[in-house]
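Take a look at the structure below.
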Amino acid sequence: MSGTRINVGKTGLVLGLSLSAWHLGWSILVALSWAQPFIDFVFWMHFIKPVLVVEAFDFGRAAILLVVTGAFGLAIGSIFASIWNAFHEE
C-alpha cells in the first residue's frame, strides 16, 4: 500500500504540545479559581451530578501535569506515525 508517510518526531511533538497546551489551559483555570464552576457546568451539561472538588493550584503539580501529558502525547503520536508509516510504505 503506497501513500504519504508521516514524520514520526513531528507527529509526536505536535500531539505532545497539543495535550500540554490543553492542560496548561486547565492549570490556568485552576490558578484563577475558575476550574470548579467550569467543571460543574461541563458535568451539568452531560447530566452528571458534580461530585469532584478542584483543589488549590500548586505550581509543582501543574508542571508535572504538563510534563506527563506532553510525554504521553509524544509517545502516542510517535507510535501512531510509526504504525501509519508501516502501512503506507513506498
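Okay, residues lined up against (1) among the aliphatic types (A, V, I, L, M); (2) at positive phi; (3) out of contact with any Gly (no Cβ under 9 Å at 6 or more places or on another chain):
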residue	(1), (2), (3)
Gly12	no, no, no
Ile39	yes, no, yes
Val67	yes, no, yes
Ala71	yes, no, no
Ser78	no, no, no
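At least 1 residues being in contact with a Ser or Thr (Cβ under 6 Å, 6 or more places away or on another chain) and modelled with pLDDT of 95 or more is the threshold, and among the helices (runs of 4 or more DSSP H) wholly inside the chain those reaching it are 8-31, 59-87. Of the numbered conditions (1) exposed (fewer than 14 other Cβ atoms within 10 Å of the Cβ); (2) under 16 Å from Thr11 (Cβ atoms), Val53 satisfies every one except a single condition; which is it? Checking Val53 against (1) exposed (fewer than 14 other Cβ atoms within 10 Å of the Cβ); (2) under 16 Å from Thr11 (Cβ atoms), the one that fails is (2).
The values are calculated or read from the model by the stated rules, or taken from the named source; none is laboratory data. As the structure is a prediction and not an experimental result, all values here were calculated from the model. Neighbour counts run over all protein chains shown; Cβ positions are idealised from the backbone, glycine included.
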